[in-house]
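Notes for the one structure printed next.
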Amino acid sequence: LDINERDGGKGKLESRKFQKENRTHLPRLSSRGSLSKELYKILFFFRWLVLAIAMVRFYMEKGTHRGLYKSVQKTLKFFQTFALLEVRIVPTSVLVTGVQVSSRIFMVWLITHSIKPIQNEESVVLFLVAWTVTEITRYSFYTFSLLDHLPYFIKWARYNFFIILYPVGVAGELLTIYAALPYVKKTGMFSIRLPNKYNVSFDYYYFLLITMASYIPLFPQLYFHMLRQRRKVLHGEVIVEKDD
Amino acid sequence: SKHPDPFHTLREVEILDAKIREKLCFLDKVEPHATIAEIKNLFTKTQGKSLKDEDVLQKLPVGTTATLYFRDLGAQISWVTVFLTEYAGPLFIYLLFYFRVPFIYGHKYDFTSSRHTVVHLACICHSFHYVKRLLETLFVHRFSHGTMPLRNIFKNCTYYWGFAAWMAYYINHPLYTPPTYGAQQVKLALAIFVICQLGNFSIHMALRDLRPAGSKTRKIPYPTKNPFTWLFLLVSCPNYTYEVGSWIGFAIMTQCLPVALFSLVGFTQMTIWAKGKHRSYLKEFRDYPPLRMPIIPFLL
């Protein structure tokens, strides 16, 4: 008898007549998705690689980070918006992925794209580098897992790099938003004041302050979630849960 | 086993929790040709759905030894308490803004009154709406569950109180702009609001009359002599339909974007509830009227 797994809504019934793991050498298809989901993951891996290479080449040619954002922005915006798909494709919890994807889209479209003066800030490079390295590690992890041939280094990287990269990325994002504040206050961009016929007001400056403050409760939760995952995967069971 | 034929011996099936390796269920009279689906069914019947107070022991699908699982639901609070708190908040908070209590608007506006009629009308409508809800909670509604988890009260109050404050701030603001189409717009909006309030109340009364006091019987709601209940012909949850209508009316009356957003969020939540209710009606009653939609006639 093989291992008999059936994903039936609330629970799985597995009969374990044999204790050893079932190892096949075919690509494992996710029981819920189709082959296209797996292709997306591989695609994402390559797009982050492309972005990284573009960034490195730029730096080597120009010797400065000025204008770096300008040259990578189209690719970054395209792929980051595409990342909306990730919320449904990636095996992590919807909430965690959702928070991450929305904060990235927020940074790319509502900060760096809209507030041109801050595009040459060092803090931009900080989070771009953090995101790129994180994503390359993450997607190579998914890709290699799919092929059932995961080098331990990739798993190690995926569950250890974040320890430095998360704080670095967050620092970059926060510093960038902070740098943008004077400009936002001066221009009053994205804001609407009373009186107006829709009887509503919105102050983008205060919105940014609140956003910065929200990192305080949100970031530790994401960070500790990853730390828990790390403990489970690297020091605990071998089998990785599909549903966090 | 009672069967002489060894190939048809009834089996015993033990189901363990895969993570903690503890025994979850013991089924002692399983047919050998039962499929995993059937076993899952037996299992969820004995563990998944919670038992009702009225369930009889010998009618449960368990073996000669019945194992009952106790699940701690955590701190609970009564539905009535939650509703009263949820609704008293907006009533009171709106009035704070209406009377322009100090520290909300500039000091020169403290305790002043708006010169726009629509602002006074809006206060009456908003207050009426929540007083109606409070009275219905106390005298009309019959709740199937006694309690809900404690954390719900924090979640719900944040939602109701937060939105009430947000809306009230703009409607009662010294710089409030009255509706573009003036008195015409306000009159139309008021009509929509009043009709929907009456409709909503009629539905609540009709639902109450469906179920006699103290009983837990469930019946399909049907239109009564009251014309407002004729919406039952087209939707399963006309109380939600009327509720959305009331808030749309209020949004048109005040021409205030936060009110429109509140209506949208409320509509989304009520649609989810209506779909759930509709689904459970369909599951429970074979002869459920096919024309009915959950919340919007013919559409949703």
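Which one of the conditions (1) touching a Cys at 6+ places or on another chain (Cβ under 6 Å); (2) within 20 Å of B:L135 (Cβ to Cβ); (3) surrounded by fewer than 21 Cβ atoms within 10 Å (Cβ to Cβ) does B:Y242 fail to meet, given that it meets all the rest?
Answer for B:Y242: the failing condition is (3).
Which of the residues spanning region B:118-165 are in contact with a Ser or Thr (Cβ under 6 Å, 6 or more places away or on another chain) and at pLDDT 95 or above?
B:A122
Taking region A:179-200 only, how many residues are touching a strand residue (DSSP E or B) at 6+ places or on another chain (Cβ under 9 Å) and among the aromatic types (F, W, Y)?
Initially, region A:179-200 is screened for residues touching a strand residue (DSSP E or B) at 6+ places or on another chain (Cβ under 9 Å), giving A:190-193, A:198, A:200.
Narrowing further to those that are among the aromatic types (F, W, Y): A:190, A:198.
Total meeting the criteria: 2.
Yes/no matrix, rows are residues, columns are (1) within 14 Å of chain A (Cβ to nearest Cβ); (2) at pLDDT 95 or above; (3) under 30 Å from B:N156 (Cβ atoms):
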site: B:L42; (1), (2), (3): yes, no, no
site: B:L68; (1), (2), (3): no, no, no
site: B:Y94; (1), (2), (3): no, yes, yes
site: B:I104; (1), (2), (3): yes, no, yes
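Taking B:T229 as meeting all but one of (1) modelled with pLDDT under 95; (2) surrounded by 14 or more Cβ atoms within 10 Å (Cβ to Cβ); (3) part of a loop (DSSP other than H, G, I, E, B), write down the number of the exception.
All conditions are met except number (3).
Quick one: what pairs do we get from region B:160-175, first residue facing chain A (nearest Cβ under 10 Å) and more than 10 Å from B:F97 (Cα to Cα), second in a loop (DSSP other than H, G, I, E, B) and modelled with pLDDT under 95, C-beta under 6 Å, 6+ apart or different chains?
Close Cβ pairs satisfying both conditions: B:P174/B:Y105; B:L175/A:L194; B:L175/A:P195.
Using the structure shown, decide if B:H129 is part of a loop (DSSP other than H, G, I, E, B), within 17 Å of the chain's Cα centre (by Cα) and on the phi < 0 side of the Ramachandran plot.
Numbers: part of a loop (DSSP other than H, G, I, E, B): no; within 17 Å of the chain's Cα centre (by Cα): yes; on the phi < 0 side of the Ramachandran plot: yes.
In short, no.
Scan the helices (runs of 4 or more DSSP H) fully inside region A:150-244 and keep the ones with 1 or more residues being away from chain B (no Cβ under 14 Å), closer than 24 Å to A:R104 by Cβ and basic (K, R).
Working: elements: A:152-160, A:162-187, A:204-235.
So the answer is A:152-160, A:204-235.
Which of the residues that make up region B:168-198 are in contact with a Pro (Cβ under 7 Å, 6 or more places away or on another chain) and hydrophobic (A, V, I, L, M, F, W, C)?
Of everything in region B:168-198, those that are in contact with a Pro (Cβ under 7 Å, 6 or more places away or on another chain) and hydrophobic (A, V, I, L, M, F, W, C) turn out to be B:L175, B:V186.
Could you check region B:176-202 and list, in sequence order, the residues that are buried (at least 16 other Cβ atoms within 10 Å of the Cβ) and either under 14 Å from B:C123 (Cβ atoms) or within 11 Å of chain A (Cβ to nearest Cβ) (or both)?
B:Y176, B:T177, B:P178, B:P179, B:V186, B:L190, B:F193
Let's see how each residue does on (1) in the same structural domain as B:N172 (by the TED database); (2) without any contact (Cβ under 8 Å) to a residue 60 or more places away in the chain; (3) touching a Ser or Thr at 6+ places or on another chain (Cβ under 7 Å):
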| site | (1), (2), (3) |
| --- | --- |
| B:L188 | no, no, no |
| B:Q197 | no, no, yes |
| B:T229 | no, yes, yes |
| B:V235 | no, no, yes |
| B:A260 | no, yes, no |
| B:Q269 | no, yes, no |
| B:I272 | no, yes, no |
| B:P290 | no, yes, no |
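So in region B:137-159, with the set limited to residues that are aliphatic (A, V, I, L, M) and in contact (Cβ under 8 Å) with a residue 60 or more places away in the chain, which one is farthest from B:I77 (Cα to Cα)? Working first, answer last.
Looking only at region B:137-159, we keep the residues that are aliphatic (A, V, I, L, M), and these are B:138, B:140, B:148, B:150, B:153.
Those left that are additionally in contact (Cβ under 8 Å) with a residue 60 or more places away in the chain: B:140, B:148, B:150, B:153.
Working: B:V140: 20, B:M148: 6, B:L150: 5, B:I153: 8 Å.
Among those that are aliphatic (A, V, I, L, M) and in contact (Cβ under 8 Å) with a residue 60 or more places away in the chain, it is B:V140.
The values are calculated or read from the model by the stated rules, or taken from the named source; none is laboratory data. What you are looking at is a predicted structure, and each value in this text was computed from that prediction instead of being measured. Cβ: placed from backbone, ideal geometry, glycine included. Neighbour counts: every protein chain shown.
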